[in-house]
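The values are calculated or read from the model by the stated rules, or taken from the named source; none is laboratory data. Note that the coordinates shown come from a computational prediction; the quantities given were computed from them, not determined experimentally. Here the Cβ positions follow ideal geometry from the backbone for every residue, glycine too, while neighbour counts run over all protein chains shown. To get the accessible areas, we keep the full protein, side chains included, count just its heavy atoms, and leave off ligands, DNA and RNA. Shrake-Rupley method; radii C 1.70, N 1.55, O 1.52, S 1.80 Å.
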Amino acid sequence: MKSTKDKSDGYLKCSFTSSRRDFLTGTARAACGMSLLGLGLGLYSEVGKTHPANTLRPPGARADEEEFLGRCVRCGLCVRACPYDCLRLAEFGEPTATGTPYFIAEEFPCYMCPDIPCVKACPTGALDPKLTDIKDARMGVARVVGTDRCLNYWFNHRCLACTTICPVRGKAITLEKEIWVKSDGTKQLRFIPTVNDEHCTGCGMCEKNCPMARYGGGAAIKVLPLSIVKREDQRYHRRFTPEEQKAIETKAKAKTL
Amino acid sequence: MWRRVVAVRDLMFTNKWLLLRRASQITIPVLFLLGPWYGIWFVKGNLASSLILDTVPLTDPFIVLQSLASGHIPETTALVGVAIVILFYVFVGGRVYCSWLCPINLVTDAAEWLRRRMNISTQWHFLKRSIRWWILVTVIVMSAITGTIVWEFVNPITMLNRGLLYGMGVTWILILAIFLFDLFIARRGWCGYLCPVGVFYGFLGRVSIVRVRAKKRHLCDDCGDCFVTCPEPHVITPALDRAEHGVGPVILSGDCTNCGRCIDVCHADVFAVSSRFHNALPQITQESAQQVADIHAGSENTIT
């Protein structure tokens with residue numbers, strides 16, 4: 001700030017006024033700049049809280065993405081701990097929050113090590129150390145998204161790929177009988193792979209091993225992050241209730257008799 | 001500038017601290033990479049958090065501070081890591097992180113070198129060193145508001161470090177931006193005016209033990225070499241020039257990065273690594289008085 005006053009007017013006085021003006025303009029300028037910076041950072045971090053449906057967090061990752069991002073220091077110790085090299089850190093420019101760990105089930109599913117080395121490696125608790133049994137992990141939930149591709153739906157095959165490869169075998173994915181009413185009115189029995197949410201860890205073995213994964217359109221069964229799949233939403237993949245089950249079975253029996 | 005130093009010292013010793021610093025800056029990523037490259041797991045992780053020999057945890061205190069601000073208390077491992085790191089920097093000097101570890105320092109040093117070679121002297125005048133303080137405050141506040149570790153979304157230091165160890169992505173765009181900013185817009189622009197990580201480590205530097213000391217400041221002939229090379233020239237002034245005001249010879253400012261460049265470039269060997277406890281005003285001995293007299297007599301002779 002230039003002072004227009006004469007020097008003889010008193011150096012102290014004029015330096016005081018100009019410094020106060022300096023202070024005010026400086027503070028205003030800094031406040032404006034920092035608000036902009038804060039806005040940018042805030043928006044960018046909001047964008048970072050959502051991540052693509054095919055990127056899954058390691059076992060034990062805090063279900064609340066905000067809490068995960070508040071704890072993960074992006075050190076990559078979980079990446080180094082993973083014996084199968086499934087995990088990787090998101091690079092700058094990827095849609096997942098910069099530097100955070102994820103895996104893509106279709107390429108490298110989680111092999112569900114019983115000792116969970118990635119969780120043990122995490123220094124901050126972004127991966128919850130309370131997870132001691134890998135079968136309690138909830139990295140996501142499998143969903144048969146490609147009902148147009150699943151062999152059991154359309155081709156009436158008895159494909160067992162996802163049910164047999166599932167590490168929580170016989171619990172997480174089961175084949176359920178269903179009467180299929182075709183467009184011409186004829187009926188046929190088919191076996192539908194059904195995910196039981198209370199057992200599915202979201203490891204992605206089913207997605208990796210789906211025979212349709214190698215054809216265009218990708219695997220018929222996919223693991224989706226919990227943030228996308230509401231766990232109470234079982235519209236498409238619920239188990240039949242015992243009553244329904246009985247009804248189906250008696251109907252089938254009546255048909256065959 | 002070099003002529004003055006080279007005249008009194010071997011080239012090797014002219015760059016002693018610089019070479020040591022470069023060795024440190026290169027060794028650290030190499031140590032991290034020995035594991036994935038050759039299976040020698042001396043240290044895992046990266047600058048944000050790491051584990052030495054599977055036992056000693058180290059964690060960046062600034063990142064944990066943001067984590068705390070976001071309302072999450074990290075596990076014990078991280079807290080122990082933070083304690084070790086803080087103790088280390090309180091001993092060796094807070095901003096040793098900036099000059100001896102930070103990979104961005106290589107970028108900004110390169111920009112500074114080119115800037116001098118190309119004789120670029122542009123400087124944005126509204127840039128003030130206080131801006132980085134404001135940025136630090138903003139980062140902490142935004143961490144609290146968003147509930148995430150906000151600076152890690154954009155921090156070029158850990159990003160470049162992570163890029164070297166895990167995969168680069170488009171990090172190089174950010175690095176290029178910093179390089180160009182330092183080259184054309186402001187001298188030492190990123191580290192000197194913007195980076196909040198440096199400010200945070202500067203706090204530790206305010207109490208740190210190891211400091212550079214203008215040991216023989218009476219021999220200074222005001223050639224200005226140290227001011228030209230120092231990344232934070234304002235830290236030198238009190239220690240070097242304020243003897244008559246009773247200011248001790250130790251550079252106490254937290255902004256000093258302990259890079260040791262002033263020790264390298266000073267042809268009169270004014271600076272030396274010392275501790276903050278050696279800040280007493282030196283006794284003026286007959287010998288030193290004579291030396292001072294000689295210097296002034298010499299400079300008068302050269303002028304006339």
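Odds and ends about this structure:
- Answer residue from the stretch B:15-41, given it is surrounded by fewer than 20 Cβ atoms within 10 Å (Cβ to Cβ) and in contact with a strand residue (DSSP E or B) (Cβ under 7 Å, 6 or more places away or on another chain) and is nearest to B:TRP113 (Cα to Cα) among those: B:LEU31
- When the stretch A:206-248 is filtered for residues that are assigned to a helix (DSSP H, G or I) and either open to solvent by 80 Å² or more (accessible area, probe 1.4 Å) or modelled with pLDDT of 80 or more (or both), the ones remaining, listed by number, are A:CYS206, A:GLU207, A:LYS208, A:ASN209, A:PRO211, A:MET212, A:ALA213, A:ARG214, A:PRO242, A:GLU243, A:LYS246.
- For the stretch B:62-105, filtered to residues that are polar (S, T, N, Q) and either in contact with a strand residue (DSSP E or B) (Cβ under 7 Å, 6 or more places away or on another chain) or not in a loop (DSSP other than H, G, I, E, B) (or both), the residue that is farthest from the other protein chains (Cβ to nearest Cβ) is B:SER99.
- When the stretch B:74-133 is filtered for residues that are polar (S, T, N, Q), surrounded by 20 or more Cβ atoms within 10 Å (Cβ to Cβ) and farther than 16 Å from B:ARG261 by Cα, only B:THR77 remains.
- Odd one out for A:GLY26 among (1) more than 10 Å from chain B (Cβ to nearest Cβ); (2) of a type outside the set (A, V, I, L, M, F, W, C); (3) assigned to a helix (DSSP H, G or I): (1)
- Qualifying residue in the stretch B:215-226 (condition: open to solvent by less than 10 Å² (accessible area, probe 1.4 Å), assigned by TED's automatic domain parsing to the domain that holds B:GLY94 and either over 22 Å from B:ARG261 (Cα atoms) or at pLDDT below 90 (or both)): no
- All positions within the stretch B:231-275 that are in contact with a His (Cβ under 9 Å, 6 or more places away or on another chain) and more than 17 Å from B:LEU219 (Cβ to Cβ): B:PRO238, B:SER253, B:ASP255
- Residue in the stretch B:161-173 that is open to solvent by 50 Å² or more (accessible area, probe 1.4 Å), within 15 Å of B:GLN66 (Cβ to Cβ) and either among the β-branched types (Val, Ile, Thr) or at the interface with chain A (Cβ under 9 Å from one of its Cβ atoms) (or both) present: no
- Checked against (1) over 29 Å from B:MET118 (Cβ atoms); (2) more than 14 Å from chain A (Cβ to nearest Cβ); (3) open to solvent by less than 10 Å² (accessible area, probe 1.4 Å), B:GLY189 passes all but condition (1).
- Verdict on B:VAL137 being closer than 29 Å to B:ILE251 by Cβ, hydrophobic (A, V, I, L, M, F, W, C) and in contact with a Cys (Cβ under 9 Å, 6 or more places away or on another chain): no
- Annotation: of all residues in the stretch A:50-74 being among the basic types (Lys, Arg) and more than 7 Å from chain B (Cβ to nearest Cβ), the one that is most open to solvent (accessible area, probe 1.4 Å) is A:ARG62.
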